[in-house]
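Scroll down for the structure; my scribbles are underneath it.
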Amino acid sequence: MRPARALIDLPSLRHNYRLARELAGGRTLAVVKADAYGHGAVRGAQALEADGADGFAVACIEEALALREAGIRSPILLLEGFFDADELALIAAHDLWCVLHAQWQIDALERAAISKPLRIWLKLDSGMHRAGLPSADYRHAWQRLSAMPQVDDLVAMTHFARADELDCARTDEQARVFADAIADLGAESSLSNSPGLLGWPQLRNDWARAGLMLYGATPFPGAHAQADRLRPVMTVESKIIAVRDLAAGEPVGYGGGFVTERPSRVGVVAFGYADGYPQFAPTGTPVAIDGQCGRLVGRVSMDMLTVDLTDHPAADVGSVVELWGAQVPVTEVARHCSGSAYSLLCGLKRAPRVYRD
């Protein structure tokens, strides 16, 4: 059996959720969209629900129904709401919470005949300009929804665009726009995503939404007191399947972009871009070889990549190579590849997940 695998540490997932709720000082939704950022939404939600999670957030109804079918009974919020009015019957039947971010959704809800009223999260565009009602329309929409028999309760929400930039004034500006929009509404509110929770303590309120931090990755480029408390949940690893002894001046891999500068040992690892590793990761991207710091060399292939074993004399066929995880932070791999931890985690493919609890 091919040795590539992703180890998912559920105690670390629970630790990170508890940290999020500690920082929030209140209720926290665990964001498990995109199959829990590649970690497995059902197993993750089951572990967190058993630990008393306040609820979950997903992108769409398909993701929510998969959780309900797996027995998850906690609240589930649809972060993009519904895409078609026909979904409203399912949303009511499965007791889902629903974000509304556009006028057409409000119109559709007002026309809908549903079995019971819904808990609605009304989204304000406070400056990200992706989804949400403009400030000028927000109060009227709130009042309109408050009068609808289809609505049981309302929560005000917005989303930060640059909270991972701790020296950027934009987050405070968005918070002020939000505060002005909901003034005197008496609303429960939700502001903080992961960087908001970790880096902007003055902005925490009724409901937090923990995403990236739940999986142990920091949203910040450097050290941070709270983010440093996170524990990585996913460790991606494989094994060396072949070793090459090469003289100085020998090219390695497609394109010959890496040429040995000294007599070298090169290990071939069963993992490639078809598994979700960045195809154009540069030579020098960190790995761990049998627990010791190492480096990638040469171009990543579809199913294989190569690592430098010259300073690892004990490494051989069967040696374990960690590509990211407990020893090699996924954020470090992303930094070397000019990418993001989000895309690496969500892009994991083919390698089976093995759960530890």
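Filtered by the rule that a residue be part of a loop (DSSP other than H, G, I, E, B), surrounded by fewer than 24 Cβ atoms within 10 Å (Cβ to Cβ) and in contact (Cβ under 8 Å) with a residue 24 or more places away in the chain, region 162-204 gives Asp164, Leu166, Leu185, Ala187, Asn193, Trp200, Arg204.
Can you find a residue in region 124-131 that is among the hydroxyl-bearing types (Ser, Thr, Tyr) and either in contact with a strand residue (DSSP E or B) (Cβ under 7 Å, 6 or more places away or on another chain) or surrounded by fewer than 17 Cβ atoms within 10 Å (Cβ to Cβ) (or both)? So far as region 124-131 goes, no, none of its residues is among the hydroxyl-bearing types (Ser, Thr, Tyr) and either in contact with a strand residue (DSSP E or B) (Cβ under 7 Å, 6 or more places away or on another chain) or surrounded by fewer than 17 Cβ atoms within 10 Å (Cβ to Cβ) (or both). Gln327 fulfils the conditions (1) more than 25 Å from Glu261 (Cβ to Cβ); (2) assigned to a loop (DSSP other than H, G, I, E, B); (3) touching a Phe, Trp or Tyr at 6+ places or on another chain (Cβ under 9 Å); (4) not basic (Lys, Arg) except for a single criterion, (3). One residue alone among Ser146, Ser135, Ser238 is among the hydroxyl-bearing types (Ser, Thr, Tyr) and touching a Phe, Trp or Tyr at 6+ places or on another chain (Cβ under 7 Å), and that residue is Ser238.
A count restricted to region 256-290 and to residues that are under 22 Å from the mean Cα position of the chain (by Cα) and either more than 20 Å from Leu345 (Cβ to Cβ) or outside the structural domain of Ser343 (by TED's automatic domain parsing) (or both) stands at 0.
Quick check on Thr218: is it assigned to a strand (DSSP E or B), of a type outside the set (Gly, Ala, Ser) and in contact (Cβ under 8 Å) with a residue 40 or more places away in the chain? Break it down stepwise before answering.
Values: assigned to a strand (DSSP E or B): no; of a type outside the set (Gly, Ala, Ser): yes; in contact (Cβ under 8 Å) with a residue 40 or more places away in the chain: yes.
It is false that Thr218 is assigned to a strand (DSSP E or B), of a type outside the set (Gly, Ala, Ser) and in contact (Cβ under 8 Å) with a residue 40 or more places away in the chain.
Exactly one residue out of Ser135, Ser115 is hydroxyl-bearing (Ser, Thr, Tyr), farther than 21 Å from Ala34 by Cα and touching an Asp or Glu at 6+ places or on another chain (Cβ under 8 Å): that is Ser135.
Restricted to region 137-156, and to residues that are touching a residue at least 40 places away in the same chain (Cβ under 8 Å) and under 14 Å from Phe178 (Cβ atoms), which residue is surrounded by the most Cβ atoms within 10 Å (Cβ to Cβ)? Looking at the filtered set, the residue picked out is Tyr138. On the given criteria, is Ala85 farther than 30 Å from Phe271 by Cβ, of a type in the set (Gly, Ala, Ser) and not assigned by TED's automatic domain parsing to the domain that holds Met304? So Ala85 passes the test. Among the conditions (1) in contact with a Leu (Cβ under 9 Å, 6 or more places away or on another chain); (2) in a loop (DSSP other than H, G, I, E, B); (3) not polar (S, T, N, Q), Gly127 misses just one, which is (1).
Return yes or no: is Leu145 over 17 Å from the mean Cα position of the chain (by Cα), closer than 28 Å to Pro329 by Cβ and either in a helix (DSSP H, G or I) or not hydroxyl-bearing (Ser, Thr, Tyr) (or both)? It would help to see each step written out before you state the result.
Working: over 17 Å from the mean Cα position of the chain (by Cα): yes; closer than 28 Å to Pro329 by Cβ: no; either in a helix (DSSP H, G or I) or not hydroxyl-bearing (Ser, Thr, Tyr) (or both): yes.
Taking the combined requirement at face value, the residue does not satisfy it.
Within the set His159, His224, the sole residue that is crowded, with 20+ Cβ neighbours inside 10 Å and part of a loop (DSSP other than H, G, I, E, B) turns out to be His159. There is at least one residue in region 223-233 that is in contact with a Phe, Trp or Tyr (Cβ under 9 Å, 6 or more places away or on another chain), among the β-branched types (Val, Ile, Thr) and closer than 30 Å to Trp121 by Cβ.
The values are calculated or read from the model by the stated rules, or taken from the named source; none is laboratory data. Note that the structure is predicted; figures quoted are calculated from it, not measured. Don't worry about glycine lacking a Cβ; one is built from the backbone with ideal geometry, like all the others, and counts go over all protein chains shown.
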